[in-house]
Amino acid sequence: MLFVATMHHSADNCWARAENEEKAEEWVDGMERKAEETDVTLHGAYVTPNEHAFYFVLEADTFEAVTAFLGPPLLQDHEAHVAPVMPLGDAPQLLLEE
């Protein structure tokens, strides 16, 4: 299953702030390892610094694997929206099934 995760944080809680720099570097440096440990395939990781948001395109067998990947510290420091997605071309077939 594919998932898109959108993570927002406040300016006060920004990982670019000096007090959060170590945590941010540790998470980013360990992101690939954490994906392997949680059986998540990381298709993309993006940031919009001026909007204080992270975006992830992930593939996993379960929602629990995705939350384990995003779990501390991301889910502690960010509001998250995690949604399963599918290729647009697959939607009509799914919607028309009876």
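Values as computed for the structure displayed
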{"read-out": "Count of residues meeting criterion [surrounded by 13 or more Cβ atoms within 10 Å (Cβ to Cβ) and among the small types (Gly, Ala, Ser)] in the stretch 56-98", "value": "5"}
{"read-out": "Count of the stretch 1-51 residues which are within 14 Å of Asp77 (Cβ to Cβ) and aromatic (Phe, Trp, Tyr)", "value": "2"}
{"read-out": "Criterion (free of Cβ contacts under 8 Å to residues at least 24 places away in the same chain, surrounded by fewer than 16 Cβ atoms within 10 Å (Cβ to Cβ) and under 11 Å from the mean Cα position of the chain (by Cα)) met by exactly one of Ala53, Ala45", "value": "Ala45"}
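The numbers here are math on the coordinates, done by the rules we state, and not lab data. Only a predicted model underlies this, so the values are computations on that prediction, with no experimental measurement involved. Neighbour counts run over all protein chains shown; Cβ positions are idealised from the backbone, glycine included.
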